[in-house]
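Heads up: the structure comes next, in structure tokens.
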Amino acid sequence: GNTADAEVRVLTKGLAGIEEKLRTEISTKTESLLASLSCVDDLHSLISSLKEDLKEIESKMKQVTAKVREPQLVLRQQSTQLRSLRSAIALVISTTNYLKLVKKLKKSMQATKEGDGSKLGELAKAAKLLREMRNLQQEDGSLDKVNVVRSHAAWVRETWEAVSLSARDALHCRVSEANYGDVG
């Protein structure tokens, strides 16, 4: 029996040692798991904080982008306005030049009616003025859309026809008056 008792005691003592080691291992693993769990919680907090920071950065980037685009939009609008202004100024200049030519043409046509100076010279001057007016209209296609220019259109057209007719008549008259007896 003593041997059996001694073996039981050795086995009990061995079991107690195993049980103690097992408890120590369980305790160590539990503490390790709790520490890991704490790290996971800390990591979760860190990730949440990073997400908030990223949202704030994204918001700031949108603000910066908007502030950068704002001057670009203003510049684009001002460029468009400047082009429109240039076009308007060019039209005003063309209109002014056209009206000056109309005034000179009226003066020249009046001189042909009153018989002042050479009628043929005045007709040549009128033809030149009419050509300049047509050139202006061709250079600036929107000139015909200006009311004050349109208001003179019928008179200018009639004057063109009258000057063309007078020039043809003068040419026929000069040809018929010319002395061809000296020709070969």
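The values are calculated or read from the model by the stated rules, or taken from the named source; none is laboratory data. Computed from a predicted structure; not experimentally measured. Ideal geometry is used to build each Cβ from the backbone, glycine not excepted, and the neighbour counts take in all protein chains shown. Side chains included, ligands, DNA and RNA excluded: accessible areas come from the protein's heavy atoms. Shrake-Rupley method; radii C 1.70, N 1.55, O 1.52, S 1.80 Å.
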inquiry  = How much accessible area per residue does segment 61-184 have, counting only protein heavy atoms and a probe of 1.4 Å, in square angstrom?
reply    = 75
task = Would you calculate, for the chain, the mean residue ellipticity at 222 nm contributed by helices, counting each DSSP H stretch of 4 or more residues as -39,500 (n - 2.57) and dividing by all residues, to the nearest 500?
result = -34000 deg cm²/dmol
ask   = So for segment 1-141, taking the charge dipole from beta-carbon charges (+1 Lys/Arg, -1 Asp/Glu), which of 77, 101, 141 sits furthest toward the positive end?
value = 101
key: Degrees separating the helix 119-139 axis from the principal Cα axis of the chain, which is the longest one   = 10
remark   = Straight-line reach check, residue 29, cutoff 26 Å on alpha carbons, 8 or more apart in-chain or any other chain, hits among lysines -> 13, 21
key: Percent accessible area from carbon and sulfur atoms, the chain, protein chains only, probe 1.4 Å   = 58
request  = Putting +1 on Lys and Arg Cβ atoms and -1 on Asp and Glu Cβ atoms, find which of 16, 26, 2 reaches farthest to the positive end of the dipole of the chain.
outcome  = 26
ask   = To the nearest 20 debye, what charge dipole does the chain have about its Cα centre, counting +1 at the Cβ of each Lys and Arg and -1 at the Cβ of each Asp and Glu?
value = 1660
remark   = With Cα coordinates, the longest principal axis of the chain makes an angle with the long axis of helix 147-177, in degrees rounded to 10, of 40
